[in-house]
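Taking it in order: structure first as structure tokens, then the write-up.
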Amino acid sequence: MSDSPTVPLIELNGLTKTYGIGDAAFQALKGIDLTIQRREFVAIMGASGSGKSTLMNVLGCLDTPTAGTYRYEGIAVQDLSTDERSLLRRYALGFVFQGFNLLPRTTSLDNVELPLLYRGVSRKERREKAVAALTSVGLPTKMDSTPAELSGGQQQRVAIARAIVTEPSTLFADEPTGNLDSVTTGDVMELLKRLNEERGITVLVVTHDDHVATYARRIVVIKDGLIESDVSQSQGGA
Amino acid sequence: MIWNAFVIALREISRNMTRAFLTVLGIFIGAAAIITMVTLGQGATLAVKAQISSLGNNLLTLRPGAGFGSRGASAGVPHFTEKDAVVIGEQIAGVAAVAPVRNASLSTIHLQNARVSVVTGTTPAYFEINKWKLAEGRLFTSADLRSGAAVCVIGNTVRKELFGSENPIGAKLRIGKASCEVIGLLVAKGQAGMGDQDDTIILPLSALQRRMVGKTSSHDISQISISAKDGVDSNALITEITAVMRQRRNLQRNEDNNFNIFDTRQIAETLGSTTQLMTLLLAAVAGVSLLVGGIGIMNIMLVSVTERTREIGIRLAIGATAREVLLQFLVEAVTLSCVGGVVGILLAFGLCAGLARLIQVPFNFNLQINVVAFVFAAAVGVLFGYAPARRAARLNPIDALRNE
């Protein structure tokens, strides 16, 4: 992976995504051109069904585009095999979901260690990194709690710790505050902003919440599968 | 990668002990059922065969009456004479030994212990023909037979009932009206299905006739035991004996036989095939229970498939490859299935040992059925554990995650 500043982190050209076939086909993305540089904090906004989550899933290699090109650090993602996309996620991407998606009955520490386990990191190093990640998201006392014992905000912070423990270049957050109250929403967004500023992680947040979007420095609005507007704001954060 | 899969799989099992337990339960019940039923079925077959062979392999028994077991037909039919036995022994080449037998139920008393025992008066050849072996003391001899000596040989049941822990050899036993010296104790044959063979007192025919029941007529022999020489066809022998006996009993051509010949080898074959059929039946029942166990496993797996599909989605999203996830699920399924199989084998071993004692059949560890049951139960577990995971791991991560 090249760190050359001339290659953008993410580059989409005419990206489309169609669900179903024939008469039942539905085009969720109708040709997206988008470039995102390293260290950006981008909010992708739009109404329900606008295609913003589809875009996020394709960007995060959780879903495959129907047509068009997607380059991640210059790599043609649309040409990668299933396993290669897994490896890209393993080594470069982190995810935070609206529904947290932590393993049930599994402690915070084990949840956060999981991506390191797939990376083949030693037991001792896994533990150290997981403890550090959980501490950095403000949960040093919840290491041995299972998701059922945590509040929504705490679960989301465990999920963020899991996403950043591998030190990814990009963090994808799909409606990360959708299940949280306004106070916790502020905490989570501050955390993402801090990760972006202090660690230089590129953050992409999908949201329909204007308040959440104010944390981003750039807002891309999607409507009916197309980019409606793409605005950079000088000052991130509310 | 394999080691990783083990670590992850074992962690996942330990976090879901209920699910693991239910899976293992289904497998081990199925495996234990099939092993137990087949092992006990085979034990029963062996027990019947052993019982038959303890009667004597080449044993023919000549009895009065038209057919085996039909008591009505033997009423009024004359019994045999001692001479009949002698003639059979002398005239028929295929006969190895022959012994006349007179049975009587008599009260037997030793000190304060009393019971009614079946008393058999016969000749020394009887022991050889019926495969009786001596545990202690001696058998009676031809000299005892000629003199009508008041001596007897007892079976193990009679020893237990009348003598308890006392050494019976040399002790006096009152049989009917006469007193008799116990000179020998027989090795126990055991009992299963055919009644208690060890409940017997054997003494010289002459002693029974003179001292206990009196010689009521020359036709006082209730059966004649005959053993065939090795390699002699029992059907041919039966034909010869039948011819001799028809002549000796003055039967006309149009008259039916008023005696019958009971061939233990035929009975052994019939019973052997019957018990084999029973074993097959038991195996079929056990197969059904294994199937039910398999359906139980399938249910557990299907119930947890939604949760597990999400788990697969999460694992794929954080960078696991489909192959790694499948390996994990395979290790989980194999581990649980093997644990279930081993527990099943252990449980079956305990059950077989206990039940074999209870129903008095021999318990032989059957390696083959243990292996078959283990492999089959484990295969069911692996199949139902792995198949849903295979489907889920093929999905796009986002589709697996959306599975609610």
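When B:Leu237, B:Leu251 are checked against the criterion of being in contact (Cβ under 8 Å) with a residue 40 or more places away in the chain, more than 14 Å from chain A (Cβ to nearest Cβ) and surrounded by 15 or more Cβ atoms within 10 Å (Cβ to Cβ), a single residue qualifies: B:Leu237. Of the residues B:Ala97, B:Ala44, B:Ala93, the single one that is in a strand (DSSP E or B), modelled with pLDDT of 75 or more and over 25 Å from B:Ser117 (Cα atoms) is B:Ala97. The condition of being touching a Cys at 6+ places or on another chain (Cβ under 7 Å) and either buried (at least 17 other Cβ atoms within 10 Å of the Cβ) or not small (Gly, Ala, Ser) (or both) holds for only one of B:Ile267, B:Ile261, B:Ile202, that being B:Ile202. Considering (1) charged (D, E, K, R); (2) in a strand (DSSP E or B); (3) touching a helix residue (DSSP H, G or I) at 6+ places or on another chain (Cβ under 6 Å), the lone condition that B:Asp199 does not fulfil carries the number (2).
Can you spot a residue in the stretch B:255-271 that is of a type in the set (S, T, N, Q) and farther than 19 Å from B:Leu59 by Cβ? Write out each step before concluding.
Initially, the stretch B:255-271 is screened for residues of a type in the set (S, T, N, Q), giving B:257-258, B:260, B:264, B:266, B:270.
Next cut, farther than 19 Å from B:Leu59 by Cβ only: B:257-258.
Yes, the stretch B:255-271 has at least one match.
Taking B:Gly272 and the conditions (1) in a helix (DSSP H, G or I); (2) modelled with pLDDT of 85 or more, which numbered condition does it fall short on, given that it satisfies the others? Result: B:Gly272 passes all but (2). The single condition among (1) under 20 Å from A:Thr207 (Cβ atoms); (2) modelled with pLDDT of 90 or more that A:Gly49 does not meet is (2). Residue selection: B:Thr157 fails the criterion of being more than 27 Å from the chain's Cα centre (by Cα), of a type in the set (Ser, Thr, Tyr), assigned by TED's automatic domain parsing to the domain that holds B:Ile201 and modelled with pLDDT of 90 or more. Counting only residues that are outside any helix (DSSP H, G or I) and either open to solvent by 10 Å² or more (accessible area, probe 1.4 Å) or within 12 Å of another protein chain (Cβ to nearest Cβ) (or both), the stretch A:145-176 holds 12 of them.
Restricting the stretch A:38-68 to residues that are out of contact with any helix residue (DSSP H, G or I) (no Cβ under 6 Å at 6 or more places or on another chain), more than 14 Å from every other protein chain (Cβ to nearest Cβ) and touching a residue at least 60 places away in the same chain (Cβ under 8 Å) leaves a set whose member that is most open to solvent (accessible area, probe 1.4 Å) is A:Arg39.
Yes or no, residue by residue, for (1) of a type outside the set (Ser, Thr, Tyr); (2) surrounded by fewer than 18 Cβ atoms within 10 Å (Cβ to Cβ); (3) within 24 Å of the chain's Cα centre (by Cα); (4) farther than 30 Å from A:Asp110 by Cβ:
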| position | (1), (2), (3), (4) |
| --- | --- |
| B:Val288 | yes, yes, yes, yes |
| B:Gly296 | yes, no, no, no |
| B:Leu316 | yes, no, no, no |
| B:Ser337 | no, no, no, no |
| B:Gly341 | yes, no, no, no |
| B:Gly354 | yes, yes, yes, yes |
| B:Arg357 | yes, yes, yes, yes |
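Of the residues that make up the stretch A:89-108, is at least one under 24 Å from A:Cys61 (Cβ atoms) and open to solvent by 60 Å² or more (accessible area, probe 1.4 Å)? So far as the stretch A:89-108 goes, yes, one or more of its residues are under 24 Å from A:Cys61 (Cβ atoms) and open to solvent by 60 Å² or more (accessible area, probe 1.4 Å).
Please determine, by comparing only the residues of the stretch A:110-137 that are open to solvent by less than 40 Å² (accessible area, probe 1.4 Å) and of a type in the set (Gly, Ala, Ser), which one is farthest from the other protein chains (Cβ to nearest Cβ). So, considering only residues that are open to solvent by less than 40 Å² (accessible area, probe 1.4 Å) and of a type in the set (Gly, Ala, Ser), the one farthest from the other protein chains (Cβ to nearest Cβ) is A:Ser136.
The values are calculated or read from the model by the stated rules, or taken from the named source; none is laboratory data. Keep in mind it's a predicted model, so treat the numbers as computed, not measured. Every residue, glycine as well, gets a Cβ built from its backbone with ideal geometry; the counts of neighbours run over all protein chains shown. For accessibility, only protein heavy atoms count, side chains too; no ligands or nucleic acids. Shrake-Rupley method; radii C 1.70, N 1.55, O 1.52, S 1.80 Å.
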